[in-house]
Amino acid sequence: MILRQILRLSSLFRSAVSIHLRRNIGLSAIVFNKTKELDPVQKLFLDKIREYNTKSKQAGGPVDAGPEFQKDMNESLVRLQRAYGEGDLTKFPEFKFEEPKFEEILK
């Protein structure tokens, strides 16, 4: 009976230690990856994203978009303005909420 309890406790201890070690190893891997150099594929991916970002800022919109894209976008905006009313559909709407007026009730 004592042997069974010892074996049960040792298996619980082993599982707790293994979970703890797996978590620490996973965390260590993340920290180690941040400190070392990126692998070539990740570096290429990030370089392309940064390049697209600079081109997008220079173009003031989508990169390498031809006249067909602009024509389609204008047609879509006109169709949406007819369906949902007037206003600039390229900007996020501004919401204005007024504070509610509460009346104090005397008891």
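Brief remarks follow.
- Note on segment 38-100: with neighbouring protein chains present and a 1.4 Å probe, carbon and sulfur make up 57 percent of its accessible heavy-atom surface.
- Annotation: VAL41 carries an accessible surface of approximately 110 Å², with a 1.4 Å probe and no ligand, DNA or RNA atoms counted.
- Global form of segment 47-96, assessed from the alpha-carbon gyration tensor, a/c cut-off 1.5: oblate
- DSSP-assigned coil residues among GluC sites (Glu not before Pro) in segment 51-107, each with at most 14 further Cβ atoms within 10 Å: GLU86, GLU94, GLU98, GLU103, GLU104
- The chymotrypsin sites (Phe, Trp or Tyr not before Pro) of segment 31-107 that meet both conditions, a loop assignment by DSSP and at most 16 other Cβ atoms within 10 Å of the site Cβ, are PHE95, PHE97, PHE102.
The values are calculated or read from the model by the stated rules, or taken from the named source; none is laboratory data. This structure is a prediction, so every number in the text was calculated from the model and none was measured. Note that we place each Cβ from the backbone using ideal geometry, even for glycine, and neighbour counts take in every protein chain shown. Note: accessible area is taken over every heavy atom of the protein model, side chains too, but ligands, DNA and RNA are not part of it. Shrake-Rupley method; radii C 1.70, N 1.55, O 1.52, S 1.80 Å.
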